[in-house]
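The values are calculated or read from the model by the stated rules, or taken from the named source; none is laboratory data. Being a predicted model, the structure only gives us computed values, none of them experimental. Neighbour counts run over all protein chains shown; Cβ positions are idealised from the backbone, glycine included. Just the protein is used for accessible areas: all its heavy atoms, side chains included, with ligands, DNA and RNA removed. Shrake-Rupley method; radii C 1.70, N 1.55, O 1.52, S 1.80 Å.
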Amino acid sequence: MTPQTTPRALTDNPFTLGVASGDPLPDSVVLWTRLAPLPYEVGNGLPADGAVDVQWELASDESFRQVVQRGTVPAPAADNHTVHLDVRGLAPAATYWYRFRAGQWFSPVGRTRTAPAPDASVTGGARFGLLSCQQYDEGYYTALAHLAAEDLDAVFFVGDYIYENAINAQAGARNYTDRPLPDFFAHWTWNLDDYRLRYALGKSDPDLQAAHAAHPWYVTWDDHEVENNYAGDISQNNDPVDVFRARRAAAYRAYWENMPLREACRPNGPDALLYRRFQYGRLAQFDILDTRQYRSDQAYGDGWQYPGPETDDPARTLTGDEQERWLLDGFRASTARWNVIPQQVAFSRRKNTTADRSTLSMDAWDGYPASRERVLAGVRQAGIANLAVLSGDVHVHYAMDIKEDWDDPGSRTLGVEVVGTSVSSGFDGDERPDDWNLMLAANPHMKYYDGRRGYAVVSLDDTHLQADYRTLTGVLTPGAPVSTAARFVSEAGAPGFSAA
Ligand SMILES: [Fe+2]
């Protein structure tokens, strides 16, 4: 018999890391929490085996007068005392509030929202947040506090939820007098305890908790959830494959534990099925990608390099064959107005010189041109009229048109790409980074570029997509105001961004 912690034994508040919801379906959403009376201790300050029973309730009003479902769910020690509750039987396009209870302790209240019914037209459209890259020691999560106050249907987080670097209390952007930084974090993440505690550190942030509590999130990872610039089984520094696969297994497990994901995404060792598809009424199909786990190694090194024969090798892939087939099949079957692809790295070509020959980012789709062309061939063949790629990774805002021929500005525009800037990675950033003029001149399909911190809001309706680029004055001190630095619109049926 496994030991069971009775909630009565919880002498300290276990809800130190907030609540979250995610992956909304028309009748279901995942509710998440983690019990951690001692969030910076291995094991959360709870018994190392068994489970803690957690009560939950979901209501149609914020004050829980109209409770529509309630129950009890275990927080297993094996899952680091996290709860992943797949609530079923909900109404479509409905807002709900939820909370957990353990012993005398109540969690914060979360708000969530289900997706519209598959055949529903989404009157009035829908609004989505786009987030990425929240390196804890490079800035405050002020962007997340502002995102929490937005009127959104859901949020896409497209990678770098944590970073694997050592965090030194004497360096970085944050003042650790507000929430002390234990010495534990002063080393790189390698094993399961390292990754679990790294999520505890990030999730202790009140702005991150507010952003999760305010909206359901659809999440995917990029590289830093494991290690910078890894490619499939190949680590940045070419560690032995078995060593890196063990690290990846630890990182994937901690990721799943700490995200509002369903059981279907739970990793099996170093493997996890994270790419997945959602219908958002007749308005949109979301194909959320994983461009890390199955990719070929970067050609000619990870940074900006001149492409060569290896770059163009059609055998190289960013998605892996299976995910690529799944994506193209999904295009063919799609009847949605918008085909939205939330994913990690910049999709559109980015030269950094006006000369014909330019170095390109080998870690982004530019380093895998054959893979990108197969996706775009699939878009054309399926007759996808309204393609929108949502990306992160580069810690800047871009608005880009996706071109049939990147070298011919007059060629057909196949869709638009919204690259959302980082929450905190890169410190304050600049409105116009050093290469601002050059990048805009070298890439005529790049309509906008801003190097500050923030997030994007993508609004969709039957007739247009609108991208609002929110920016902050800085993240080195808390409480910076947010403003809309630019707004771009693309008409349904006539893709291409123009300033609004
Ligand atoms: Fe990043």
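Miscellaneous remarks
- Heavy-atom surface of the stretch 115-499, accessible at 1.4 Å and reported per residue (Å²): 34 Å²
- Sorting the segments 265-272, 112-119 by their residues' average number of neighbouring beta-carbon atoms within 10 angstrom, most packed first, yields 112-119, 265-272.
- Euclidean distance of C-alpha centroids, the stretch 452-500 and the stretch 272-305, integer Å: 22 Å
- Over the chain: Rg over Rh, Cα atoms, Kirkwood Rh: 0.95
- Projecting the Cα atoms of Asn339, Ala485, Pro307 onto the dipole axis of the stretch 115-499, where Lys and Arg carry +1 and Asp and Glu carry -1 at the beta carbon, places Asn339 farthest toward the positive end.
- Highest average packing first - 410-423, 52-65, 289-302, Cβ atoms within 10 Å: 410-423, 289-302, 52-65
- Using the 1.4 Å probe convention, the accessible area of the stretch 1-114 works out to 42 Å² per residue with neighbouring protein chains retained.
- FRET E, pair Ala186, Ile234, Förster distance 25 Å, beta-carbon r, rounded to 0.05: 0.40
- Cα gyration tensor, the stretch 1-114 - rounded (a/c under 1.5), prolate or oblate: prolate
- Within the accessible area of the chain (1.4 Å probe), percent carbon and sulfur: 50 percent
- Packing, as the average of other Cβ atoms within 10 Å across residues, places the peptides 182-188, 83-89, 383-389, 282-288 in the order 282-288, 383-389, 83-89, 182-188, highest first.
- Taking every DSSP helix (H) stretch of at least 4 residues in the chain, weighting each as -39,500 (n - 2.57) and dividing the sum by the residue count yields a mean residue ellipticity at 222 nm of -5000 deg cm²/dmol.
- With Cα atoms defining each centre, the stretch 157-206 and the stretch 62-103 are spaced 28 Å apart in the structure.
- Each other residue within a Cβ distance under 14 Å of Thr123 adds +1 if Lys or Arg and -1 if Asp or Glu, for a net charge of -1.
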